[in-house]
Amino acid sequence: MDILMIIILVIIVILIIGIILIYNGLVNARNKVKNGWAQIEVQLNRRADLIPNLVETVKGYASHEKEVFEKVTAARSGLLHAQGVEEVAEANNMLTDTLRTLFAVSENYPDLKANENFINLQNQLKDTEDKIAYARQFYNDTVLMYNNKCETFPSNIFANIFNFKEADFFKGAPGSEQVPKVEF
């Protein structure tokens, strides 16, 4: 009888330790996803902070391009007020498109393109875009690991019991998967 009790206790202890390890693994993975998202938000906010300076610099040279400035300002505001992964991704894509328009306008002003402040802001924005791309990749990698834990056996059982929900991936703009056509 004593050996049977010891075996049962050992099995119970192993099960409890297993449950604790699975639960802690799920919490750890979910927190990595939250951290990855926070890193994206930091970089998106950094970009949003650069945009007013960039717009003001371009305004000095291209004051009659009012519609472009309004679109950039509206897109920036949309990004700052977006909630959730999908809404932020959509707002981010809109802002990227309006920034392309702003840089296209700057091509018409050689003095602006040579302006040191404009060049500096453009370089900072490029650097920030690179950091956003890296943060998105990191976020999507952590979402993949977390979602795998939520879906694979036996952690999926505990994910359901403890209400761990799958996270959304940060997706690119529609059409971004297509190769651009280049003509000379």
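The values are calculated or read from the model by the stated rules, or taken from the named source; none is laboratory data. Predicted model, so just to flag it, every value in this text is computed and none were measured. All Cβ positions, glycine included, derive from the backbone under ideal geometry; neighbour counts span all protein chains shown. Calculation scope for accessible area: heavy atoms of the full protein, side chains included, ligands and nucleic acids excluded. Shrake-Rupley method; radii C 1.70, N 1.55, O 1.52, S 1.80 Å.
Overview of values
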{"quantity": "Some residue of segment 117-132 being open to solvent by 80 Å² or more (accessible area, probe 1.4 Å), out of contact with any helix residue (DSSP H, G or I) (no Cβ under 8 Å at 6 or more places or on another chain) and modelled with pLDDT under 90", "calculated": "yes"}
{"quantity": "Evaluation of residue 92 against (1) open to solvent by 20 Å² or more (accessible area, probe 1.4 Å); (2) in a helix (DSSP H, G or I) (one fails), failing number", "calculated": "(1)"}
{"quantity": "Selection count where residues are closer than 16 Å to residue 102 by Cβ, open to solvent by 80 Å² or more (accessible area, probe 1.4 Å) and either of a type in the set (Phe, Trp, Tyr) or within 15 Å of the chain's Cα centre (by Cα) (or both), scope segment 33-88", "calculated": "1"}
{"quantity": "Subset of segment 58-90 [more than 20 Å from residue 124 (Cα to Cα) and of a type in the set (A, V, I, L, M, F, W, C)]", "calculated": "62, 68, 74, 82, 85, 88, 89"}
{"quantity": "Segment 1-50: number of residues that are in a helix (DSSP H, G or I), among the aliphatic types (A, V, I, L, M) and free of Cβ contacts under 8 Å to residues at least 60 places away in the same chain", "calculated": "20"}
{"quantity": "Segment 140-163, residues that are of a type in the set (A, V, I, L, M, F, W, C) and either within 13 Å of residue 22 (Cβ to Cβ) or open to solvent by less than 90 Å² (accessible area, probe 1.4 Å) (or both)", "calculated": "143, 144, 150, 153, 157, 158, 159, 161, 162"}
{"quantity": "Which numbered condition residue 96 fails, given (1) modelled with pLDDT under 85; (2) under 23 Å from residue 77 (Cβ atoms); (3) β-branched (Val, Ile, Thr)", "calculated": "(1)"}
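Table: residues versus (1) in contact with a Ser or Thr (Cβ under 9 Å, 6 or more places away or on another chain); (2) under 18 Å from residue 127 (Cβ atoms).
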{"residue": "32", "(1), (2)": "yes, no"}
{"residue": "36", "(1), (2)": "yes, no"}
{"residue": "47", "(1), (2)": "yes, yes"}
{"residue": "56", "(1), (2)": "no, no"}
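Yes or no, residue by residue, for (1) outside any helix (DSSP H, G or I); (2) free of Cβ contacts under 8 Å to residues at least 60 places away in the same chain; (3) at negative phi; (4) not polar (S, T, N, Q):
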| residue | (1), (2), (3), (4) |
| --- | --- |
| 74 | no, yes, yes, yes |
| 118 | no, no, yes, yes |
| 134 | no, yes, yes, yes |
| 147 | no, yes, yes, no |
